[in-house]
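Trainee: Can you read through this structure? Questions will come right after.
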Amino acid sequence: VRLALLTCEKYASLYEDDRLLAAELTRRGVEVVARLWTLGVPGDVDAILMRSPWDWPGARERFRAFLRELERAPQPVFNTPAVMSDYADKAYLPRLEARGVRVVPTEAFDATELGRLPQRVATHGWRRVVVKPAFTANAIGARVVEAEALPSLVGELSAQPGLWLTQPYVESIAEGELSFVFFDGDFSHAVRKQPAAGEWRVQHDYGGAALPVNVSAAWVDEAAAILRAAAPGELYARVDCVLLDGALHLMELELVEPELFFRVDAAAAARFADALLRRLG
Ligand SMILES: Nc1ncnc2c1ncn2[C@@H]1O[C@H](COP(=O)(O)OP(=O)(O)OP(=O)(O)O)[C@@H](O)[C@H]1O
Ligand SMILES: [Mg+2]
């Protein structure tokens with residue numbers, strides 16, 4: 001089997017963490033090749049795995065078009081391209097919330113609706129909020145704002161195209177965000193993403209650290225239930241949660257190109273490789 005791992009120029013020879021997976025696959029007789037997503041759907045491989053196309057925030061529409069192209073690929077693609085398209089932007093959060101999934105409360109506004117944002121925030125009684133673009137990664141464009149400052153922000157936001165999300169600022173982020181990693185619907189491992197002192201964004205670019213963490217069976221069940229309700233049957237998923245009023249709430253469901261943190265669990269890459277090979281039968 002010849003398998004393409006889709007990546008970007010910065011990780012042309014794969015992201016370090018994914019090399020652990022590549023090694024496991026190679027050990028099982030798979031020929032792993034890294035391919036830039038910007039070169040289009042690879043034609044000379046038997047299967048395609050999305051991994052580290054992380055330059056897409058600078059090319060949003062092109063990335064969407066690429067996901068549509070993947071829907072027409074003759075080879076198996078992981079995750080399912082239509083599901084990746086659905087989960088490429090966070091407009092799914094209010095949708096899941098409406099279906100009863102415990103999501104960090106989220107309101108979505110397009111440019112024509114932004115004028116209503118301050119009033120909606122007041123209705124919820126949110127004093128401090130996060131405003132972030134629906135289609136982004138790495139916290140690009142996200143900001144924390146006091147409710148009183150929102151009216152003066154509306155103009156600036158309206159000038160940028162796309163959907164904006166507003167959520168209450170979740171104070172527990174100081175203790176980190178929990179990532180539950182699943183392969184084929186089975187829990188594999190968890191990571192606590194800890195922001196640097198005084199920072200609210202957990203990403204590595206802002207000094208955040210990703211640490212192995214033991215999570216309770218009850219939390220794993222809750223994360224698994226979120227995944228089943230949203231997108232059952234995908235090869236990989238990362239369910240990112242924060243604690244709000246002491247309960248797990250979904251912050252983001254990563255089904256497109258999540259870092260999978262193979263490095264925190266020595267058996268994780270093998271579990272993923274086995275799950276993938278079962279799919280390729
Ligand atoms: N409502 C919130 N309360 C507190 N912190 C938040 C909130 N929303 C976002 N953050 C912080 O900002 C970070 C980025 O937000 P989010 O995960 O929603 O977007 P992202 O840009 O897609 O990030 P990534 O894809 O890198 O995980 C979160 O990991 C968290 O640290
Ligand atoms: Mg996130």
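Trainee: Can you return the lysines within cross-link range of Lys90? Criterion is Cα-Cα under 19 Å, with same-chain partners fewer than 8 residues away left out.
Mentor: Reachable lysines: Lys132.
Trainee: Further question on the same structure: Between Arg28 and Thr112, take the C-beta separation as r, use R0 = 35 Å, and let me know the FRET efficiency to the nearest 0.05.
Mentor: 0.10
Trainee: Next up: Please arrange Lys132, Lys10, Lys90 by counting, for each residue, the other beta carbons lying within 10 Å of its beta carbon, fewest first.
Mentor: By the 10 Å Cβ count, ascending: Lys10, Lys132, Lys90.
Every number in this text was worked out from the coordinates using simple rules, so none of it is lab data. Keep in mind the model is a prediction, meaning the values are calculated, not measured. In this analysis, Cβ positions are derived from the backbone assuming ideal geometry, glycine residues included, and neighbour counts consider all displayed protein chains.
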